[in-house]
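Data block below; observations after.
Quick note: the coordinates plus some simple rules give every number you see, no bench work behind them. Quick caveat: nothing in here was measured; it's all calculated off a predicted structure. In this analysis, Cβ positions are derived from the backbone assuming ideal geometry, glycine residues included, and neighbour counts consider all displayed protein chains.
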Amino acid sequence: MTGSSGEQLRVAVEPVRDAHVVAAVEGAGARVVGLDDAQALVWLGDPGSFPALPDAVRWVALKSAGIEGFLAAGVLDDKRIWTNASGFYAENVAEHALALLLTGLRQIHTAVRDHWDKEPIDTAVRTLRGATVAIVGAGGIGAALTGRLKACGAEVLAVNRSGRSVEGADRTLPTTRMDEVWTSTDHVVLAAPSTPQTHHLINSASLAALPAHCWVVNVARGPLVDQQALYWALRGNEIAGAALDVTDPEPPAPEDPLWSLPNCIITPHVANPASGLTREFAPWVAENIRRFVAGDELISTVSAEAGY
């Protein structure tokens, strides 16, 4: 694939030349080069080791969906296009979110711990059929999760910034009406980016407004949840349970009291396993290379000003 000059797009893949990403770059018709010769950069590393960029680099693709670390490090600028991986891992994360929610509702975690303790487990089992699940941050993950929830017989309340209807959802609310969300749902799945506006979205007030049978699932970012408030809500049975694939900090300290709660499930940030990340990421890189060369809008552009 060539640009208007007839030359192949030159793409650096750093800090390691991952085989999946390199194959995707070359399969899209571009050429893998060193950073000094590059017109685009696929960055597979962390914010702390991000390199100084030559002026010739006109597009940077980041492997993560969350960009808060890159923002904090002052990496993003307005000299070039920046994209993240928002939505690229949606199927993986949606599958994990559903698994966490069903684990809690069906009391699988309790059975693993307590074995054949039938009476308390039996009476605590709940179903998704007829339940309303609010997806806060109804973007790519929300779209992938909506169909899965509907297949289980649940109704979906989608929550996004605009309040614009989300395909497949039974109802959509804007984030300006969050107070209505807590009182209109049975369970909550957090899939929103970490921004100042979403910091501690789950807090003592929102937890108090949720029904006692509610499960809160977080597959987004740890700072969306005030974990101290969550601990006391879980300990006092204000809500039925929480399932967290992300925490703040990560991992939680060994003495973190959340570990001790029977109604708290914690998985080690594996909704999108790091071991398979570049395999999932690579096809999207190839598509964005095609778009970049064609002069089309790229998928998942980000803005330092917006924070996502």
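In the chain, helical runs assigned H by DSSP with n ≥ 4 each contribute -39500 (n - 2.57); averaged across all residues and rounded to the nearest 500, the mean residue ellipticity at 222 nm is -9000 deg cm²/dmol. Annotation: the antiparallel percentage among DSSP beta bridges lying fully within the chain is about 5.
Bridgeable aspartates and glutamates around LYS118 (alpha carbons under 17 Å apart, same-chain partners fewer than 8 residues away excluded) are absent. Simple spin-label estimate for ASN237 and GLU305 gives 5.1 nm between the two label positions (7 Å along the Cα-to-Cβ direction from each Cα).
Here the relative contact order of segment 90-266, from alpha carbon pairs under 8 Å that lie six or more residues apart, stands at 19 percent. The mean sequence separation of alpha-carbon pairs under 8 Å and at least six residues apart, normalised by the residue count of the chain, gives a relative contact order of 18 percent.
Length available on full extension from VAL125 to ARG279: 0.36 nm per residue minus the Cα-Cα distance, which gives 51.8 nm. Across the chain, the longest piece that holds none of the GluC sites (Glu not before Pro) lying in DSSP loops with up to 13 other C-beta atoms within 10 Å covers 8-166. Cα centroids of segment 161-192 and segment 234-308: how far apart, whole angstrom? Their Cα centres are 19 Å away from one another.
Partners of LYS63 within straight-line reach, counting lysines whose Cα lies under 26 Å from its Cα and excluding those fewer than 8 residues away in the same chain: LYS79.
So, in nm, how far is label TRP259 from label GLU167 when the simple model puts each one 7 Å beyond its Cα toward the Cβ? Inter-label distance under the simple model: 4.4 nm. Extension gain, GLU250 to ASP36: 0.36 nm times the residue separation minus the Cα-Cα distance gives 73.6 nm. Computed over the Cα atoms of segment 90-266, the ratio of the radius of gyration to the Kirkwood radius (Rg/Rh) comes to 0.94. In segment 119-205 the Cα-Cα distances spread across 5 Å bins starting at 0 as 3, 15, 25, 24, 16, 10, 5, 2, 1, 0 percent of all pairs. Exposure proxy for ILE265, ILE135: other Cβ atoms within 10 Å of each Cβ, ordered fewest to most, give ILE265, ILE135. Each residue of segment 213-219 was assigned a 3J(HN,Hα) from its phi angle through the Karplus expression (A = 6.51, B = -1.76, C = 1.60, θ = phi - 60°), giving 8, 6, 10, 9, 10, 10, 10 Hz with x at Gly and Pro.
Site pair LYS150 and ARG106 shows an inter-label distance of 2.2 nm when each label is modelled 7 Å from Cα along Cα→Cβ.
FRET efficiency for the ALA205 to ALA73 pair, using the beta carbon distance and R₀ = 41 Å, is estimated at 0.80. Only residues of segment 248-285 count here: report those whose backbone N is under 20 Å from the spot 7 Å along Cα→Cβ of ALA19, or say none. Output list for this probe position: 273-285. Measuring nothing but how far apart in sequence close Cα pairs (under 8 Å, 6+ apart) lie, relative to its length, segment 26-85 scores a relative contact order of 32 percent.
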